[in-house]
Amino acid sequence: MNLLNSSSGNRRRELGFLILYAAAFYAFIIHRSLQLSRDHYLKLFGLRPGWLLPHRLNDVSDAQWRNFQGNLPVLTVVFTLFTLIANLLRTSFHLKARGMSIIWILISFTYLSYLHGACIIFILSIASVNFLLVKIFARTKYFSFVFWIFNIFFLLCNRVYEGYSFSMIGQQWAYLDNFRGTFRWHICFNFVVLRMISFGYDYHWAHRDSRFDHKKHIQRCDICKSGKTCYQSLQERGVQNDKFSFMTYLSYLVYAPLYLAGPIVSFNAFASQLDVPQNNLSARDIAWYGLRWVFSLLLMELMTHLFYYNAFAISGLWKELHPMDVFIIGYGVLIFMWLKFFLIWRYFRFWSLICGIEVPENMPRCINNCYNLEPFGRTGMLPTTNGLYLYIPLGGTRRKLLNVWVVFTFVAIWHDLEWKLLSWAWLTCLFFIPEMILKSAVNAFQVESTHGEFVVRELSAVAGAITITCLMVANLVGFVIGPSGISWLISQFLNREGLPVLAGMLLTFYVGTKWVCACHFYDWSKVGLSCSLCSTSVMQSKVAAKLARCNRPRWLKAGMETNVRPKFQIRDGFADIIIQGMWVHAEDI
């Protein structure tokens, strides 16, 4: 028992140090960011008079955020109207899938006619051909090849020809080029492509034996046990053949709340919820979700009023700064980008939830909580479609080291035809290789002593620090400096001024990794584990029951006497360690 108390005391002292270090780090970052913004604001582009804080400028240099922010009042009015109409008609006439498909087609095409004008013809034409291809080839062995070639072909052509012009078809159609709407259709069509892929594969798999065991899933999922239906169940259990109609397909492709920016919901889940609206989240849950979004929006506004990170990036001024300031600006740009996508995706997800369609969360994890590459890929940068409909058909984990190159390259092309995005994809894949190798090595490693536990924990934290640094480099290259800036970035941190900054950066990320692991440990050992499939809770009693089935020597851990020796593994990356046997994945229970 003395050993346990000593270990617990050491952990508390370590946690105290981590908290102090984190507080000091962010105090320094905030102070220096304010100083940089104050000293250089006259040289920065994209600053406008602010509204939140008096006498402060607001950084609206990011075009995507500026457009979203400027159109937010109009979008809110429009979606309020759409939501009222759809829910009122559903309730009044007891509409199911077919009726709601018609309602959403009418609402969505009214919306699209304003956005794209006559270019709706292009969307309908490509979508119709895709529907025919799916119906013809879905039961053949050539389906995946034909299907992916078709979708990638139009994904590239749309960009190369910038959405086409009607004069390409014939001069008699040229007058339609004067009615192209207010928003370029081929930009939004990237999300339509992902939905076409989802429809195709869900129809393809509907004609094959399902591997999804619904009864077993209900036993493991607290949401389904309670009489509700989790998203995992909606996605995996499939729908009847009559749901794969052209009307449902079309309403899925242009579903107004998710049309502009996603997130992506699978066709199976969408069609199921047209019949029966989602019951996983109550009206109170959705209201709280919306209120949290408002708080996040205020946080974003506060950040752009105080710190001009993105303005530094687009102005190129950060190249003239000290390496420490370059790190601060780069770190700030990544936080800004994460919060921007977080707000955009959650805004549209909120409206979808009100309309009765549950959508998976694109960014369930904060950027500061990503210390390895696999969860990073699963939380935001890679749409769910790519994992389910590209990664799995390519062989999944059996060919992981090869498949990630295909998946990330597709994601880069899907975003835009730019070298810097391809550089982001390939750098991420390159950094992924050592993580996978080290993960396999540590999985085979058995800890036999307290000293061994300490060594594994420290090595995992070091590896986490290296991974975070690699992620920062890849994202800065992909979204800020481009491939031409790689040599400049390296030279800045490998000179006399940059080396101390690099060392401090690695130390900070090392401490950050240990902090995140400590938070998980103290949270999960008291409350339970979060199920990655359904966001359900796997309580400590279940963990103990699972561990009790292992035939290992008696060991004291986490305040309990059990028959389990501490087990250390790396499941999702360098630093996903199972601390003292308490970090167990829900799918193992």
All-but-one check, W51 against (1) surrounded by fewer than 16 Cβ atoms within 10 Å (Cβ to Cβ); (2) of a type in the set (A, V, I, L, M, F, W, C); (3) touching a His at 6+ places or on another chain (Cβ under 9 Å); (4) in a helix (DSSP H, G or I), failing number (4)
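Looking only at segment 266-277, which residues are closer than 17 Å to F82 by Cβ and surrounded by 19 or more Cβ atoms within 10 Å (Cβ to Cβ)?
So in segment 266-277, the residues closer than 17 Å to F82 by Cβ come out as 270, 273-274, 277.
If the condition is that a residue be closer than 17 Å to F82 by Cβ and surrounded by 19 or more Cβ atoms within 10 Å (Cβ to Cβ), then F270, Q273, L274 are the ones that fit.
Listed here are the residues, each with its yes/no results for (1) part of a helix (DSSP H, G or I); (2) free of Cβ contacts under 8 Å to residues at least 12 places away in the same chain; (3) acidic (D, E).
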{"position": "A118", "(1), (2), (3)": "yes, no, no"}
{"position": "I149", "(1), (2), (3)": "yes, yes, no"}
{"position": "L155", "(1), (2), (3)": "yes, no, no"}
{"position": "S167", "(1), (2), (3)": "yes, yes, no"}
{"position": "L176", "(1), (2), (3)": "yes, no, no"}
{"position": "F189", "(1), (2), (3)": "yes, no, no"}
{"position": "R195", "(1), (2), (3)": "yes, no, no"}
{"position": "S210", "(1), (2), (3)": "no, no, no"}
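Would you pick out the residues in segment 238-288 that are part of a loop (DSSP other than H, G, I, E, B), at pLDDT 95 or above and among the hydroxyl-bearing types (S, T, Y)?
Going residue by residue through segment 238-288, those that are part of a loop (DSSP other than H, G, I, E, B) are 238-240, 244-245, 254-255, 260-266, 276-282.
From what is left, the residues that are at pLDDT 95 or above are 254-255.
The answer is Y255, and nothing else.
Please specify each residue of segment 292-322 satisfying the condition of being surrounded by 21 or more Cβ atoms within 10 Å (Cβ to Cβ) and either in a helix (DSSP H, G or I) or of a type in the set (K, R) (or both). It would help to see each step written out before you state the result.
Of all residues in segment 292-322, those surrounded by 21 or more Cβ atoms within 10 Å (Cβ to Cβ) come to 304, 307-313, 318.
Answer for segment 292-322, where residues must be surrounded by 21 or more Cβ atoms within 10 Å (Cβ to Cβ) and either in a helix (DSSP H, G or I) or of a type in the set (K, R) (or both): T304, Y309, N310, A311, F312, A313, W318.
Determine which member of the set L15, L106, L34 is assigned to a helix (DSSP H, G or I) and without any contact (Cβ under 8 Å) to a residue 40 or more places away in the chain.
Step by step, each of L15, L106, L34 is checked, and only L106 is assigned to a helix (DSSP H, G or I) and without any contact (Cβ under 8 Å) to a residue 40 or more places away in the chain.
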**Study point:** Residue within segment 107-122 that is touching a helix residue (DSSP H, G or I) at 6+ places or on another chain (Cβ under 7 Å), β-branched (V, I, T) and over 30 Å from D209 (Cβ atoms) present
**Key:** yes
Worksheet item: Do we find that S251 is touching a residue at least 24 places away in the same chain (Cβ under 8 Å), surrounded by fewer than 20 Cβ atoms within 10 Å (Cβ to Cβ) and either among the small types (G, A, S) or under 30 Å from F93 (Cα atoms) (or both) in this structure?
Response: no
Taking segment 221-248 and keeping only residues that are surrounded by fewer than 22 Cβ atoms within 10 Å (Cβ to Cβ) and basic (K, R), one is left with K225, K228, R237
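For the structure I just gave you, tell me whether Y289 is surrounded by 14 or more Cβ atoms within 10 Å (Cβ to Cβ) and farther than 29 Å from S198 by Cβ.
Numbers: surrounded by 14 or more Cβ atoms within 10 Å (Cβ to Cβ): yes; farther than 29 Å from S198 by Cβ: no.
No.
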Every listed condition ((1) in contact with a Pro (Cβ under 6 Å, 6 or more places away or on another chain); (2) assigned to a loop (DSSP other than H, G, I, E, B); (3) at negative phi) holds for G356 save (3)
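The values are calculated or read from the model by the stated rules, or taken from the named source; none is laboratory data. What you see is a predicted model; the values in this text were computed from it and never measured. Quick reminder, even Gly has a Cβ in these numbers, built from the backbone with ideal geometry, and neighbours come from all protein chains shown.
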